[in-house]
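For reference, the structure discussed in these notes is given below.
The values are calculated or read from the model by the stated rules, or taken from the named source; none is laboratory data. Computed from a predicted structure; not experimentally measured. Reconstructed Cβ throughout: ideal geometry from the backbone, glycine too, with neighbour counts over all protein chains shown. Keep in mind that these areas ignore ligands, DNA and RNA; they rest on the heavy atoms of the full protein, side chains included. Shrake-Rupley method; radii C 1.70, N 1.55, O 1.52, S 1.80 Å.
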Amino acid sequence: MHFVEGDAVNWVVLADGDAVTLIDAGYPGDVDAVRQSLDLIGYRPAQIAAVLVTHGHIDHIGSLPQLVSGSTPVYLSPTEVRHVHGEYREQATPVDVLRNVHRPGFLPWGLHVLRVGGTKHVTLPDAAPFPAEGPLDLPGRPVPVLTPGHTSGHTCYLLPEHGVIVTGDTLVTGHPTSPVTGPQLLHPIFHHDLDRTVETLGTLEALDADLVLPGHGRVHRGPIADAAARARP
Ligand SMILES: [Zn+2]
């Protein structure tokens, strides 16, 4: 299990034998970093058995059109599949960001987003819903846990054998626009539905995991129940 901290967003590689599961994939401009992270552990993009996506925001799917061919399955929750097919859109707009540019961290972060292609509208026409319920038959045997709120189809991934939870943007431990580190929610402008995001922390609190791999920020060691309680506004 490899947790990769990108410049502004993270991804996770679950390796097993000659194949890997990739969870999330960074911005369009992160494609070389994603390739490099695979290379460092001895894998090529062709060995990605499937990509699991927490949600359809550009910082989590951006590199995929360049990274994988149509033959690599990309799975999300059924709701989020419609999001990445472009049927609807739930993402902070450049105007949302500009309105907050006076806040600490927003300007440098906004410039970074521009550099890495974060204003592109990327869709994944071949993305599909999970092929089964429960643990997926993929490296790492990840279990999707639906956590709607940040986006309507947001999904976390539990690795029960390892006590690990990949939380995407439901719970993070830091962000360039946040002055603090540790378990927290992203700034309200980033959530499609903040109330629902807070509600779904209850789902995380009920899980048995003590290593938290967030979409933004550092690894957090400690029970997810405590981390989720700390993140409550
Ligand atoms: Zn994100």
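Brief remarks on what is shown
- Residue that is most open to solvent (accessible area, probe 1.4 Å), among those in the range 40-78 that are of a type in the set (Val, Ile, Thr) and farther than 30 Å from residue 189 by Cα: 41
- Taken over the range 19-39, residues that are more than 12 Å from the chain's Cα centre (by Cα), farther than 14 Å from residue 140 by Cβ and either in contact (Cβ under 8 Å) with a residue 12 or more places away in the chain or crowded, with 21+ Cβ neighbours inside 10 Å (or both) amount to 9.
- Listed by position, the helices (runs of 4 or more DSSP H) enclosed by the range 29-72 that each have at least 2 residues that are among the aliphatic types (A, V, I, L, M) and within 16 Å of the ligand (Cβ to nearest atom) are 31-40, 58-61.
- For beta carbons closer than 8 Å, sequence separation of 6+ or different chains, a first residue in the range 190-212 that is assigned to a strand (DSSP E or B) and a second that is open to solvent by 60 Å² or more (accessible area, probe 1.4 Å), the qualifying pairs are 211/162; 211/221; 212/221.
- In the set (1) over 15 Å from the mean Cα position of the chain (by Cα); (2) open to solvent by less than 20 Å² (accessible area, probe 1.4 Å); (3) among the hydrophobic types (A, V, I, L, M, F, W, C), residue 229 fails one condition alone, (2).
- Residue count for the range 173-184, restricted to those that are touching a helix residue (DSSP H, G or I) at 6+ places or on another chain (Cβ under 7 Å) and either at pLDDT below 95 or within 12 Å of the ligand (Cβ to nearest atom) (or both): 2
- Flag for residue 149 being buried (at least 17 other Cβ atoms within 10 Å of the Cβ) and in a loop (DSSP other than H, G, I, E, B): yes
- Residue in the range 79-101 that is more than 16 Å from the ligand (Cβ to nearest atom), modelled with pLDDT of 95 or more and open to solvent by less than 20 Å² (accessible area, probe 1.4 Å) present: yes
- Scanning the range 195-209 for residues that are over 15 Å from residue 222 (Cβ atoms) and open to solvent by 60 Å² or more (accessible area, probe 1.4 Å) yields 195, 196, 199, 206.
- Selection status of residue 220, away from the ligand (no atom under 12 Å from the Cβ), open to solvent by 20 Å² or more (accessible area, probe 1.4 Å) and either more than 17 Å from the chain's Cα centre (by Cα) or not aromatic (Phe, Trp, Tyr) (or both): yes
- Residues in the range 152-172 that are open to solvent by less than 10 Å² (accessible area, probe 1.4 Å) and among the polar types (S, T, N, Q) were compared, and the one that is farthest from the ligand (Cβ to nearest atom) is 155.
- Here residue 180 clears all of (1) in a loop (DSSP other than H, G, I, E, B); (2) of a type in the set (A, V, I, L, M); (3) open to solvent by less than 10 Å² (accessible area, probe 1.4 Å) except the condition numbered (3).
- Residue in the range 14-22 that is among the charged types (D, E, K, R) and under 17 Å from residue 112 (Cβ atoms) present: no
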